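The values are calculated or read from the model by the stated rules, or taken from the named source; none is laboratory data. These figures come from a predicted structure and were not determined experimentally. We place every Cβ from the backbone using ideal geometry, glycine too, and count neighbours over all the protein chains shown. With ligands, DNA and RNA removed, areas are computed over all heavy atoms of the protein, side chains included. Shrake-Rupley method; radii C 1.70, N 1.55, O 1.52, S 1.80 Å.
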Amino acid sequence: MPNNHITLKDIKSITDVDLAFSTTRFLPEMEDIPAEFFRGNEYTNLIECLFYGTDLPSGEMMFHFDIEPNELNKFIRAHLKSFEPKHEHKIAGVGFLLSQLCTFEEYPAN
């Protein structure tokens, strides 16, 4: 199913079981992900930091929904844990999902 319109209900539907064992329920198909997410951008950079456990970039995140940060974290991490998609698909797809849920403005490096 194309994931162009993630809803608050979708975000809240991720369970602790999904977080523990992963899900690809809302991961877009490769052809539904814009090319800039395969080339890399501020969203995929943030997702790669989460994936590899490195320091997150400094910036400001403005949610598009009335969600708690822990709900967004659960939604994103449940999709990042999946072994199903290839790494490139997972990073681009989860970055694209994140871009639908918030606006992230990375602070310039000093």
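Which whole-Hz couplings ³J(HN,Hα) result when phi for each residue of the range 42-57 is put into the Karplus expression 6.51 cos²θ - 1.76 cosθ + 1.60, θ = phi - 60°, listed in order with x for Gly and Pro?
These are the phi-based 3J(HN,Hα) values: 4, 6, 5, 4, 5, 5, 5, 4, 4, 4, 8, x, 9, 4, 6, x Hz.
According to the square roots a ≥ b ≥ c of the eigenvalues of the Cα gyration tensor, what is the shape class of the chain, taking rounded for a/c under 1.5, prolate for a/b larger than b/c otherwise, and oblate for the remainder?
rounded
Excluding residues fewer than 8 places away in the same chain, name every one of the lysines whose C-alpha is closer than 23 Å to that of residue 9.
Those lysines meeting the cut-off are 74, 81, 90.
Pop out the carbon and sulfur fraction of the accessible area of the chain as a percent, whole number, probe 1.4 Å.
Result for the chain: 53 percent of the exposed heavy-atom area is carbon or sulfur.
What FRET efficiency comes out for residue 60 versus residue 17 if R0 is 35 angstrom and r is the Cβ-Cβ distance? Round to the nearest 0.05.
Efficiency for this residue pair is about 0.65.
Zone of residue 100 (label point 7 Å along Cα→Cβ, backbone N under 14 Å): which residues in the range 27-66?
So the set is 27-34, 64-65.
I want to make sure I understand the PRE zone here: with the label point 7 angstrom from the Cα of residue 32 toward its beta carbon, which residues in the range 89-110 have backbone N atoms less than 12 Å away?
Within reach of a label on residue 32: 93-94, 97.
May I ask you to list the lysines whose Cα is less than 19 Å away from that of residue 86, ignoring any residue fewer than eight positions away on the same chain?
Once the sequence-local lysines are set aside, nothing remains near residue 86.
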